[in-house]
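Engineer: Could you have a look at this structure, given as structure tokens, before my questions?
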């Protein structure tokens, strides 16, 4: 067998922790799926493995990742996969598909656990437990990169300077909390640009949700005191902040400053509202996450409670996949490792069962967080009651999930019968176009399956072919289909990756159906189930939709049909996605500037030039000396700008 370098791992978050003493290589076998060949590849890999901690990836003949595993001793752990008689059927299938392995050594098993979670999140292998969640968690951000910090909702990478509080279970819980915090601390939520342009207070000041620092209604010292109180409140010192406000209210009342006393009274009510709406019986717990698992019908549900400073910041149910033949503790450990890949861990993590690798997980999280992290199973007291509450919620969430899945499965079977499909569709793609008189035109694709909408697989198609006339819906749909399935024919001609749809729904009537049919037939595709959904003769009346088949037939469903309601939801979702994408594109076009075309001019320099000169036209007319005098513009950059406009 030839040994070939496999390079470094795909730059996972925090990969700098794994730079020391890394050995990576790949051993390849033939491409024919066979259990003996898979075992031979693994055995050849084992011969060269060190007895060190690390992570291994098992790859199929196409180079796709089948499985990511970690080990305290790579040689021993990987060798276990060669003992096929002890493996369950699922893992035997994985070994039979293995045609290559990639090995990365680490300094410790804790580092291996972190890297394993990173690679699972990146590659989403078919044989690993997967945390399926399309949304990042929202946080409250108190930005401190301005003299008057603002409070705002935040998702994504935490790059902005400031204090982050979370995670919250949903955007709704964040919005509710921010509204209450604005009443309590009167902090601004406006952008810096809006703040700098104000010459009188905005509506938020009128409704007593902002102290109006933009127009000097509060000085910097007074505003800094409000920020300090907000940080204390969100950091777990809510009772102390309430006592402080209450003392200020009594002091103002005794001084006969009834207006200030009334304002402080309203702030105190806002604090009481937050405490009353979020408080749970978690006295002395501080910041913690609570996890409990339920299993039924071969599915797993995990309920999470997020507690920060003794306040409940929401809860969410998760339903990890690929959990067959795995011990529940192993599922929980893998879930937690992936969960905290995106979310900073609190000091205390409570779980409902003993984890054989619990201490290893805690060590890995301590290393990632740079502070103390404890994973424990409460046995009594308030913490045990929290676990019991989470367990009840996990059972209820899983039962709801199974009930919904059963209903949806029945609906999909009935849809398959109505559309004359051989079996219930597992992947449905829905398409729509959006434009205004041909401008900013794009096509949209949303994807649905038995578990709901697969939002990480939604796609937008900018209409860009010269032969597609502006505003021609039929030509736009033809272009979208040609690009979507032309790429599918190139990347997955054998339809093995699960990315080919079992049903294609097009928003439109006979014209759209004809355009789509022509586009796929030109690609040589003749077995793609196509259906167009139109409003029918009573346009605008729900329940009168007409479904057009490729052969020209038309069918309708009863107005109270569950299948019709489901198909309407699919159509409404693609409407929402297409219109939202079009609005984003139109907004970007409106805010576009001629300066965007100059190479090397980023947002910061563009903003500096516009602030200095006023308009892009004045930048164009400026002399080289004038350009050099602009803030943040060096002589070299000034020359680039001048030469761009004066070739």
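Engineer: Just need a number here: residues in the stretch 501-521 that are in contact with a helix residue (DSSP H, G or I) (Cβ under 9 Å, 6 or more places away or on another chain) and either modelled with pLDDT under 85 or surrounded by fewer than 18 Cβ atoms within 10 Å (Cβ to Cβ) (or both).
Structural biologist: 2
Engineer: Looking only at the stretch 32-46, count how many residues are without any contact (Cβ under 8 Å) to a residue 60 or more places away in the chain and over 15 Å from residue 77 (Cβ atoms).
Structural biologist: So the count comes out to 5.
Engineer: If I ask for residues that are in contact with a strand residue (DSSP E or B) (Cβ under 8 Å, 6 or more places away or on another chain) and either on the phi > 0 side of the Ramachandran plot or in contact (Cβ under 8 Å) with a residue 60 or more places away in the chain (or both), which ones from the stretch 347-378 would you list?
Structural biologist: 347, 348, 349, 350, 351, 352, 353, 361
Engineer: Need the failing condition index for residue 62 against (1) out of contact with any helix residue (DSSP H, G or I) (no Cβ under 6 Å at 6 or more places or on another chain); (2) buried (at least 21 other Cβ atoms within 10 Å of the Cβ), just the number.
Structural biologist: Of (1) out of contact with any helix residue (DSSP H, G or I) (no Cβ under 6 Å at 6 or more places or on another chain); (2) buried (at least 21 other Cβ atoms within 10 Å of the Cβ), only one is false for residue 62: (2).
Engineer: Separate question: Just to be sure, is residue 73 in the same structural domain as residue 35 (by TED's automatic domain parsing), farther than 15 Å from residue 38 by Cβ and modelled with pLDDT of 90 or more?
Structural biologist: Here the answer is yes, as residue 73 does meet what is asked.
Yes/no matrix, rows are residues, columns are (1) surrounded by 12 or more Cβ atoms within 10 Å (Cβ to Cβ); (2) closer than 12 Å to residue 185 by Cβ; (3) touching a residue at least 40 places away in the same chain (Cβ under 8 Å):
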{"site": "217", "(1), (2), (3)": "yes, no, no"}
{"site": "222", "(1), (2), (3)": "yes, yes, no"}
{"site": "229", "(1), (2), (3)": "yes, yes, yes"}
{"site": "234", "(1), (2), (3)": "yes, yes, yes"}
{"site": "252", "(1), (2), (3)": "yes, no, no"}
{"site": "261", "(1), (2), (3)": "yes, no, no"}
{"site": "265", "(1), (2), (3)": "yes, no, no"}
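Engineer: For the stretch 385-408, what are the residues that are out of contact with any strand residue (DSSP E or B) (no Cβ under 9 Å at 6 or more places or on another chain) and modelled with pLDDT of 85 or more?
Structural biologist: Within the stretch 385-408, just 385 meets the criteria.
Engineer: Going residue by residue through the stretch 500-520, is there one that turns out to be within 29 Å of residue 63 (Cα to Cα) and free of Cβ contacts under 8 Å to residues at least 40 places away in the same chain?
Structural biologist: yes
Engineer: Now for a separate question. Can you work out which of the residues in the stretch 558-599 that are touching a helix residue (DSSP H, G or I) at 6+ places or on another chain (Cβ under 6 Å) and modelled with pLDDT under 90 is nearest to residue 454 (Cα to Cα)?
Structural biologist: 562
Engineer: Condition first: under 19 Å from residue 547 (Cα atoms), part of a helix (DSSP H, G or I) and in the same structural domain as residue 464 (by TED's automatic domain parsing). Can you find one or more residues in the stretch 500-510 that meet it?
Structural biologist: yes
The values are calculated or read from the model by the stated rules, or taken from the named source; none is laboratory data. Worth saying up front: this structure is predicted, and the values here are computed from it rather than measured. When we count neighbours, we look across all protein chains shown, and the Cβ atoms used for this are built from the backbone with ideal geometry, even at glycine.
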